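S.K.: My questions all concern the structure below.
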Amino acid sequence: MRRALGTLCCCLALLLPLLPATRGVPHRQRREPPGRHGAADSACKNRPLDLVFIIDSSRSVRPEEFEKVKIFLSKMIDTLDVGERTTRVAVMNYASTVKVEFPLRTYFDKASMKEAVSRIQPLSAGTMTGLAIQAAVDEVFTEEMGTRPANFNIPKVVIVVTDGRPQDQVEDVAANARTAGIEIYAVGVGRADMQSLRIMASEPLDEHVFYVETYGVIEKLTSKFRETFCAANTCALGTHDCEQVCVSNGGSYLCDCYQGYTLNPDKRTCSAVDVCAPGRHECDQICVSNNGSYVCECFEGYTLNPDKKTCSAMDVCAPGRHDCAQVCRRNDGTYSCDCFEGFTLNPDKKTCSAVDMCAPGRHDCEQVCVRDDLFYTCDCHQGYVLNPDKKTCSRATTSSLVTNEEACKCEAIAALQDSVTSRLEALSTKHILFLLYEVSQKLQAYQDRQQVV
């Protein structure tokens, strides 16, 4: 509902339909003799409202000026059709803090409302307009505080009166309030910042933003609001054929659609738009359509940032985020599993099994590979020694401390021992002792000859 206040109209006088001569004739307000009913008769029999006044009482508003604001509120109450089943009124007072002077459920007669207004005292501090509008949404426009249920279709209206510039962020707060169906009128006085008034007010701005030079002339706005509240229009009467939203346009109207819909060529009905089409959303990676609106999501391996639009790569290898048994390796937002040295990845691509480090092709030893738990070392065959590179082998050399002669003796003895061993293996047991004696004699003779030489 874009213009709740613009939808209000004057009703026919209660007795007029009962007069046969006047049936079907457009109603004009009857003139009463002066002083008969006083100010109460100037009230417009408008469509019911839930109306909240938010008044600025910061230190820039002098006491005598604040009294003018209270007079303005009283005169506004006089113009309204106040009652439990008609227009309900609440008043909020704000500066650096916000005070609900009385909610919508408290008073249903003008005298009590005006008496309560006369007792309002200024708060005399900063100008937290955004805080005040948010408080109206959270604390006043609730059924507990007197707001009629949504199915009653009672317009929710706010009139903000201020003479300064908001000291907090008002744009987003006002936008959220309007999205929630609250129509906002902004009244600026004297030093009021016009840009801020336009930011918080509903569309069309020329019907929702008012300005007066001083508090001394604020009362002249009373008649403007009365005309707005009582202006008959097709949207208020319900005689339009708009499928979703009716927007008053002078003496006529235009049709509009809710967010996520577009007006069809017939200018009356609406069709859902693809809110996730390129250029229609602000999602960094994935746009998900959601009942005429959308939400943003991220690709696997990314997480949605607090702005609910952009994405950041997450550490997919952080503990608890992967199912690798041994090693997790990041790979552009995703991951793959690997194993420690000495293990190989199983077909499930997650778990690992120990490998034979000395299997052919798995080591670089030249001769002998020796397994050592999960690792291996190299060794050499007999007669070879391991080189300093710990991989290759070289033939063992005779020590320089042994002479050639001694080497020959050793070789001869070794050859003889081999011969004896062979013969011993071929002979029967009964010749063993004789052969042993013969061998000892020959060894002795050999040693004697060597000494002579």
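S.K.: Please state which one of Ala415, Ala407, Ala426 is of a type in the set (Gly, Ala, Ser) and modelled with pLDDT of 70 or more.
M.R.: Ala415
S.K.: Let me confirm something: among Asp284, Asp274, Asp266, Asp323, which residue is acidic (Asp, Glu) and modelled with pLDDT under 85? Full working, then the answer.
M.R.: Numbers: Asp284 fails: modelled with pLDDT under 85; Asp266 fails: modelled with pLDDT under 85; Asp323 fails: modelled with pLDDT under 85.
After applying the criteria, what remains is Asp274.
S.K.: Turning to a different aspect of this structure: Which of the residues spanning segment 266-276 are open to solvent by 50 Å² or more (accessible area, probe 1.4 Å) and more than 18 Å from Cys246 (Cβ to Cβ)?
M.R.: Ala272, Asp274
S.K.: Related question: In the set Ser353, Ser399, which member is open to solvent by less than 70 Å² (accessible area, probe 1.4 Å) and at pLDDT 75 or above?
M.R.: Among Ser353, Ser399, only Ser353 is open to solvent by less than 70 Å² (accessible area, probe 1.4 Å) and at pLDDT 75 or above.
S.K.: Free of Cβ contacts under 8 Å to residues at least 24 places away in the same chain, more than 26 Å from Glu171 (Cβ to Cβ) and either in contact with a His (Cβ under 8 Å, 6 or more places away or on another chain) or of a type outside the set (S, T, N, Q) (or both) - does that describe any residue in segment 116-135?
M.R.: yes
S.K.: May I ask you to say which residue of Leu123, Leu104 is more than 19 Å from Arg226 (Cα to Cα) and under 35 Å from the mean Cα position of the chain (by Cα)?
M.R.: Details: Leu123 fails: under 35 Å from the mean Cα position of the chain (by Cα).
Answer to the selection: Leu104.
S.K.: Here's another thing I want to ask about it. When segment 277-294 is examined, which residues are found to be under 26 Å from Asp241 (Cβ atoms) and open to solvent by 60 Å² or more (accessible area, probe 1.4 Å)?
M.R.: Asn291
S.K.: Of (1) in contact (Cβ under 8 Å) with a residue 24 or more places away in the chain; (2) within 30 Å of Arg371 (Cβ to Cβ), Cys283 satisfies all except one. Which?
M.R.: Result: Cys283 passes all but (2).
S.K.: So, in segment 171-214, of the ones that are surrounded by 21 or more Cβ atoms within 10 Å (Cβ to Cβ) and polar (S, T, N, Q), which residue ends up nearest to Ser60 (Cα to Cα)?
M.R.: Only one residue tops the list, namely Ser196.
S.K.: Hey, among Asp138, Asp168, which residue is under 25 Å from Ile199 (Cβ atoms) and open to solvent by 50 Å² or more (accessible area, probe 1.4 Å)?
M.R.: Values: Asp168 fails: open to solvent by 50 Å² or more (accessible area, probe 1.4 Å).
Going through Asp138, Asp168 in turn, the sole match is Asp138.
S.K.: Just give me the residues in segment 326-350 being within 36 Å of the chain's Cα centre (by Cα), modelled with pLDDT of 90 or more and surrounded by 14 or more Cβ atoms within 10 Å (Cβ to Cβ), in sequence order.
M.R.: Hits for segment 326-350 are Val327, Cys328, Ser336, Cys337, Asp338, Lys350.
S.K.: Additional query: Which condition number in (1) over 21 Å from Arg62 (Cα atoms); (2) touching a strand residue (DSSP E or B) at 6+ places or on another chain (Cβ under 7 Å); (3) modelled with pLDDT of 90 or more is the one that Glu143 fails?
M.R.: (2)
S.K.: So, one more: For segment 295-318, name all the residues that are under 13 Å from the mean Cα position of the chain (by Cα) and either buried (at least 17 other Cβ atoms within 10 Å of the Cβ) or among the polar types (S, T, N, Q) (or both). Give the steps one after another, and end with the answer.
M.R.: Taking segment 295-318 first, the residues under 13 Å from the mean Cα position of the chain (by Cα) are 295-298, 303-312.
Cys296, Cys298, Thr303, Leu304, Asn305, Thr310, Cys311, Ser312 - these are the residues of segment 295-318 that are under 13 Å from the mean Cα position of the chain (by Cα) and either buried (at least 17 other Cβ atoms within 10 Å of the Cβ) or among the polar types (S, T, N, Q) (or both).
S.K.: In segment 85-132, how many are under 20 Å from Ile154 (Cα atoms), among the basic types (Lys, Arg) and assigned to a loop (DSSP other than H, G, I, E, B)?
M.R.: Qualifying residue count for the region: 2.
The values are calculated or read from the model by the stated rules, or taken from the named source; none is laboratory data. Quick caveat: nothing in here was measured; it's all calculated off a predicted structure. Note that we place each Cβ from the backbone using ideal geometry, even for glycine, and neighbour counts take in every protein chain shown. For the accessible areas, the whole protein counts, side chains as well, though only heavy atoms, and no ligand, DNA or RNA atoms are used. Shrake-Rupley method; radii C 1.70, N 1.55, O 1.52, S 1.80 Å.
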